[in-house]
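Visitor: Supplied in C-alpha cells, the structure appears directly below.
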C-alpha cells in the first residue's frame, strides 16, 4: 500500500504488519487495542513534537502512516500540520483521504525523481478532498 504522509510517499506493504513490526517498544496487543481516535491522538502528539517527522524521522513516520492506514482501513493519505502558536497536540490539524492508486503512483514517481513538492501534493490530493475529511 502506498501512503502519502504530508509530502512523502511511503510504501507500507501491509499496514498492519508494518505497524506491528515498526515499533518494538509498543507491545503488539497494545497496538491491536488502539482505536482510530487514539491513533490520531498519537499522530497529533508526534506532529506537535516534530512537524517535519515525515522528512526527518522516516521510521516514526512509517509507523504512523502504517498505523493510520491499518486503523482507518480506508485512508492512504494524511496531512498533519501544527499551526504557528499551537499550544497543545490538540491544536494539530489532521486531514485524511483515500487517494486513487493512479494518483499515488504518480506522486511516488515524482518523489523518485526528486520532484515531489507540497504544491504537487496539494493539487493532486488536498484541493480535491472535501472539508468533511478532517479528523
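The values are calculated or read from the model by the stated rules, or taken from the named source; none is laboratory data. Being a predicted model, the structure only gives us computed values, none of them experimental. Here the Cβ positions follow ideal geometry from the backbone for every residue, glycine too, while neighbour counts run over all protein chains shown.
Visitor: Among (1) on the phi > 0 side of the Ramachandran plot; (2) under 14 Å from the mean Cα position of the chain (by Cα), there is one condition residue 39 misses while meeting the rest; what is its number?
Guide: Condition (1) is where residue 39 drops out.
Visitor: Condition first: in a helix (DSSP H, G or I) and touching a strand residue (DSSP E or B) at 6+ places or on another chain (Cβ under 9 Å). Now tell me which residues in region 86-102 satisfy that. Explain how you work it out, then say what you get.
Guide: So in region 86-102, the residues in a helix (DSSP H, G or I) come out as 89-91, 101-102.
Passing the criteria: only 101.
Visitor: Could you tell me whether region 67-74 includes any residue that is surrounded by fewer than 16 Cβ atoms within 10 Å (Cβ to Cβ), part of a loop (DSSP other than H, G, I, E, B) and at pLDDT below 95? Reasoning before the result, please.
Guide: In the first step, residues of region 67-74 are kept if they are surrounded by fewer than 16 Cβ atoms within 10 Å (Cβ to Cβ); the result is 73-74.
Retained after the next criterion (residues that are part of a loop (DSSP other than H, G, I, E, B)): 73-74.
Next, from what is left, pick out any that are at pLDDT below 95: 73-74.
Yes, that holds for at least one residue.
Visitor: Next up: Any idea which of (1) surrounded by 14 or more Cβ atoms within 10 Å (Cβ to Cβ); (2) part of a helix (DSSP H, G or I) is the one residue 51 doesn't satisfy?
Guide: It is condition (2) that residue 51 fails.
Results for (1) closer than 23 Å to residue 128 by Cα; (2) without any contact (Cβ under 8 Å) to a residue 40 or more places away in the chain; (3) crowded, with 21+ Cβ neighbours inside 10 Å, shown as yes or no for each residue.
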position: 78; (1), (2), (3): yes, no, yes
position: 86; (1), (2), (3): no, yes, no
position: 98; (1), (2), (3): yes, yes, no
position: 106; (1), (2), (3): yes, yes, no
position: 111; (1), (2), (3): yes, no, no
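Visitor: Of the conditions (1) under 16 Å from residue 126 (Cα atoms); (2) without any contact (Cβ under 8 Å) to a residue 24 or more places away in the chain; (3) not in a helix (DSSP H, G or I), residue 9 fails just one. Which one is it?
Guide: (2)
Visitor: Scan region 8-36 residue by residue and report those that are buried (at least 19 other Cβ atoms within 10 Å of the Cβ) and under 14 Å from the mean Cα position of the chain (by Cα).
Guide: 8, 9, 10, 12, 15, 18, 19
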